[in-house]
Amino acid sequence: MTPLVAVVSSPHARLFTCFLRLGAQQASSLQLHTGTGLAAKNYHEVLVLGGGSGGITMASRMKKKVGAENVAVIEPSERHFYQPIWTLVGAGAKQLSSSGRPTASVIPSGVEWVKDRVAELNPDKNCIRTDSGKEISYKYLIIALGIQLDYEKIKGLPEGFSHPKIGSNYSVSTVEKTWKALQDFKEGNAIFTFPNTPIKCAGAPQKIMYLSEDYFRKTGKRSKANIIFNTSLGSIFGVKKYADALMEIIQERNLTVNYKQNLIEVRADRQEAVFENMDNPGETQVIPYEMLHVTPPMSAPDVLKKSPLVDAAGWVDVDKETLQHKKYPNVFGIGDCTNLPTSKTAAAVAAQSGILDGTISLVMKNEKPTKEYDGYTSCPLVTSYNRVILAEFNYNMQPLETFPFDQSRERVSMYFMKADMMPFLYWNMMLRGYWGGPAFLRKLLHLGMS
């Protein structure tokens, strides 16, 4: 096995580190919002809905384009979280406190923060209404409202989380319960679920399974654990190259995978999970558990579902190449709330932000958008406490890999990237508008190999 020091000191790793250092130096000059009050305005040239990864990233980019005084972000939450790290929090490898920062610290300096919730969108009048009743109009609207967790669509939840032995890495209030359930495991079934809806970070439901298996081995409990992955999908992963690699791991580690099984009820007081067979609706199976990790059903936020901006499924209806709305040319979407046919990840948001920046620039000049988003997304598939398979792919579910080696292999270097480098990129570059995905790095590395 190649030592970690050799991996991270290789020419390619050194090149990547230099690239990060350069970006950090560029970003360090940007002073972030301190929360000091600004005179609230009822009109903004650019209005951003949502203060998550897509919203803050685009606010930073728009500040550079039209000036901070012409940009506003509507976001009710006091804290901003880097959610991809919650996989490691649920496995005890990271602290929850490391994943969050005050929202005031990530709003770009000078950009108005409207600490409220969006209640209604009226694109025909170029305005929105907030929960407090305030109407705000705009010239350009960027929708970045993320995705909604629908735990209540599973009978017995969310109230079931008050019981032990059950957790979920998808919520700040339940992720530490996963780690507690893992530590308290004694003997029996450890069940991990995948719902019958689109979700964000579609690899996360199985990442915690691999980490749990590794934890059981390290603590001498593996022989007492029957590890089950019940997924509503028909395959382990959508890209064959990575699916093949994952199936090898599943077989080597004696993990049980049941397809077309959807969690419909949790009887937390009895430690039972009820699944419906999606190939035979109405047919159910009750499985006792010693540990249960729930991935909730998800959907577009309710406020979007009742707006004229969405498709039949409730997602913001944008052009998949330009991210411009299909009906309203001054409206744009980014991230989990859109109907872009790619995996909903922070990596996808990073790549989309660069494309959307270019699209809006041309629209502002009354020119036709030319940049084309290829669907790039990434899923660092954590397979143990020090190994990751870095899946990167496009709309066509074809690998679109950054590094000049086989990324379907488990690697220590990729775990280091997931656990440490990616959070650094997120806080110091992406949210500040300096990171539009690895396309440039991909070209740089492959040129170096030619």
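The values are calculated or read from the model by the stated rules, or taken from the named source; none is laboratory data. All figures in this text were calculated on a predicted structure; none of them were measured in a lab. Note that we place each Cβ from the backbone using ideal geometry, even for glycine, and neighbour counts take in every protein chain shown. Just so you know, the surface numbers come from the protein's heavy atoms only, side chains and all, with ligands and any DNA or RNA stripped out. Shrake-Rupley method; radii C 1.70, N 1.55, O 1.52, S 1.80 Å.
So the values come out like this:
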item	result
Matching residues, the range 267-291, being out of contact with any Phe, Trp or Tyr (no Cβ under 9 Å at 6 or more places or on another chain) and in a strand (DSSP E or B)	267, 274, 275, 276, 277, 288
Within the range 89-133, strands (runs of 3 or more DSSP E) holding 2 or more residues that are over 25 Å from residue 302 (Cβ atoms) and not small (Gly, Ala, Ser)	100-102
Per-region count, the range 234-266, residues open to solvent by less than 60 Å² (accessible area, probe 1.4 Å) and either part of a helix (DSSP H, G or I) or more than 17 Å from residue 194 (Cβ to Cβ) (or both)	8
Count of the range 267-276 residues which are open to solvent by 30 Å² or more (accessible area, probe 1.4 Å) and either of a type outside the set (Lys, Arg) or within 20 Å of residue 234 (Cβ to Cβ) (or both)	4
Given (1) free of Cβ contacts under 8 Å to residues at least 24 places away in the same chain; (2) at positive phi; (3) open to solvent by less than 30 Å² (accessible area, probe 1.4 Å), index of the condition residue 335 fails	(1)
Selection from the range 195-233 of residues that are part of a helix (DSSP H, G or I) and among the aliphatic types (A, V, I, L, M)	204, 208, 209, 211
Test: residue in the range 106-114 that is of a type in the set (Gly, Ala, Ser) and farther than 21 Å from residue 353 by Cα	no
Residues that are over 18 Å from the mean Cα position of the chain (by Cα), of a type outside the set (Ser, Thr, Tyr), within 20 Å of residue 84 (Cβ to Cβ) and at pLDDT 95 or above, drawn from the range 400-424	400, 401, 407, 410, 411, 412, 416
Residue in the range 389-401 that is touching a residue at least 60 places away in the same chain (Cβ under 8 Å), open to solvent by 50 Å² or more (accessible area, probe 1.4 Å), of a type in the set (S, T, N, Q) and in a loop (DSSP other than H, G, I, E, B) present	yes
Residue tally, condition open to solvent by 10 Å² or more (accessible area, probe 1.4 Å) and part of a helix (DSSP H, G or I), over the range 340-366	11
Filter pass, residue 182 being aliphatic (A, V, I, L, M) and either under 21 Å from residue 76 (Cα atoms) or open to solvent by 10 Å² or more (accessible area, probe 1.4 Å) (or both)	no
Hits in the range 136-184 (condition: under 30 Å from residue 65 (Cβ atoms) and either out of contact with any strand residue (DSSP E or B) (no Cβ under 8 Å at 6 or more places or on another chain) or in a loop (DSSP other than H, G, I, E, B) (or both))	144, 145, 146, 147
Cβ-Cβ under 6 Å pairs, at least 6 apart or on other chains, the range 406-418 side of a type in the set (Phe, Trp, Tyr), far side modelled with pLDDT of 95 or more and buried (at least 22 other Cβ atoms within 10 Å of the Cβ)	415/388
Out of 78, 45, 69, sole residue that is farther than 14 Å from residue 108 by Cβ, of a type in the set (Asp, Glu), open to solvent by 60 Å² or more (accessible area, probe 1.4 Å) and at pLDDT 50 or above	78
